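The values are calculated or read from the model by the stated rules, or taken from the named source; none is laboratory data. If you're wondering where the values come from, they're calculated on a predicted model, not measured in any experiment. For neighbour counting, all protein chains shown are included, and Cβ atoms are generated from backbone atoms with ideal geometry for every residue, glycine included. The area values use the complete protein model at the heavy-atom level, side chains included, leaving out ligands, DNA and RNA. Shrake-Rupley method; radii C 1.70, N 1.55, O 1.52, S 1.80 Å.
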Amino acid sequence: TDTVDATKPLTGKHVLVTAGPTHEPIDPVRYIANRSSGKQGFAIAAAAAAAGARVTLVAGPVGLPDPDGVAVRRVETARDMLAAVETALPADIAIFAAAVADWRPAQEATSKLKKDGSGVVPPLHVTENPDILATIAHLKDQRPGLVVGFAAETDDVFENAKKKLGRKGADIIVANDVSPETGVMGGGANTVHLVTAEGIESWPQMPKDEVARRLVHWIAGRLSPTA
Ligand code: CTP
Ligand code: CA
């Protein structure tokens, strides 16, 4: 008979996590990026490993160390992140905690752009990056059994999160208010709302490590027992 370890509900599962910002080069010395410490995503990867999963963490440029027992793939750009995610498939659960830059310079200059003293600024043409979460959630063959996205919002948190759930094809959106006064960006704590087709469950503010542990166990509880 199988014995189930309640502390390791993800034993035998492969969990894929994205974390951190992406950097989109303008020229050899400049880039476009999102604000993201990577803390919440790294904490989720660590918590999934502690819950018994095999974990692949695809991380944008952050200074955080590899969590114990996690296979970490370090990337720079959104396109690199998508490629690393695709390479890591198949996965049972995919959690997209990265703050991906929505746009990248249409052209990366091979030489440093220079001020010429005239006050004329170079035009910055941008193009949209691939949506990694939406791409993976809409896969025909290799779609992970559970697809979890984040929605970092400053306004209309629930409205925006519900829209993202539908538009991106995710099973769960973890919504949080990242207005500057909340201190979530870069801070150690987070207040999250779990948005699914069934409704919204709001959790009190807690440390990001605690959010990660609870989230991993909550997600594990939503995996079908036969999966
Ligand atoms: N995401 C992604 N790839 C992108 C943009 C976003 O995988 N190119 C993922 C994020 O990791 C997150 C979710 O999509 O899980 C929502 O990201 P967010 O930036 O809030 O949504 P956007 O669709 O980019 O909308 P906006 O930035 O305009 O709010
Ligand atoms: Ca975005």
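Add +1 for every Lys or Arg and -1 for every Asp or Glu among the other residues with Cβ under 11 Å from the Cβ of H193, and state the total. Don't jump to the answer; show the numbers that get you there.
Numbers: positive: K162; negative: E153, D177, E201.
Charge balance near H193 sits at -2.
Distances between placed amide hydrogens fall under 5 Å for V192 paired with W203, all partners being 5 or more residues away or on another chain. Applying 0.36 nm per residue to the separation of S179 and K115 and subtracting their alpha-carbon distance, the gain on full extension is 19.6 nm.
Along the charge dipole of the chain, which of M81, A152, Q40 sits closest to the positive end, that is, farthest toward it, with unit charges on the beta carbon of Lys, Arg, Asp and Glu (+1, +1, -1, -1)? In the chain, that residue is M81.
Each label point was placed 7 Å from the Cα along the Cα-to-Cβ direction; for T154 and H217 their separation is 3.5 nm.
Under a 1.4 Å probe, what is the accessible area of the chain per residue, stated in Å²?
Working: 11970 Å² over 227 residues.
So the chain comes to 53 Å² accessible per residue, rounded to a whole number.
Ordered from highest to lowest accessible area with the whole protein assembly present and a 1.4 Å probe, S36, S111 read as S111, S36. Restricting the calculation to Cα atoms, the stretch 110-227 shows an Rg/Rh of 1.13 when the hydrodynamic-style radius is the Kirkwood one. Sorting the segments 112-120, 193-201 by their mean number of nearby beta carbons within 10 angstrom, highest to lowest, gives 193-201, 112-120.
Placing R0 at 25 angstrom, the Cβ-Cβ distance between A197 and D141 gives a FRET efficiency of 0.65 after rounding to 0.05.
Between L165, L139, L215, the GNM of the chain built on Cα springs shorter than 10 angstrom shows L139 fluctuating the most.
In this label model, W103 and V4 are separated by 4.9 nm, measuring between points 7 Å along each Cα→Cβ vector. Using a Cα-Cα cut-off of under 19 Å, which aspartates and glutamates could be cross-linked to K115, ignoring same-chain neighbours fewer than 8 residues away? Correct list for K115: D27.
Just list whichever of K8/K164; K39/K114; K13/K140; K8/K168; K8/K140; K8/K163 have alpha carbons separated by over 24 Å in the model shown. Could you put the intermediate results ahead of the total?
Details: K8/K164 30 Å; K39/K114 35 Å; K13/K140 20 Å; K8/K168 29 Å; K8/K140 29 Å; K8/K163 33 Å.
Those over the limit are K8/K164; K39/K114; K8/K168; K8/K140; K8/K163.
Placing dummy labels 7 Å off each Cα toward the beta-carbon, the span from D80 to R35 is 2.4 nm.
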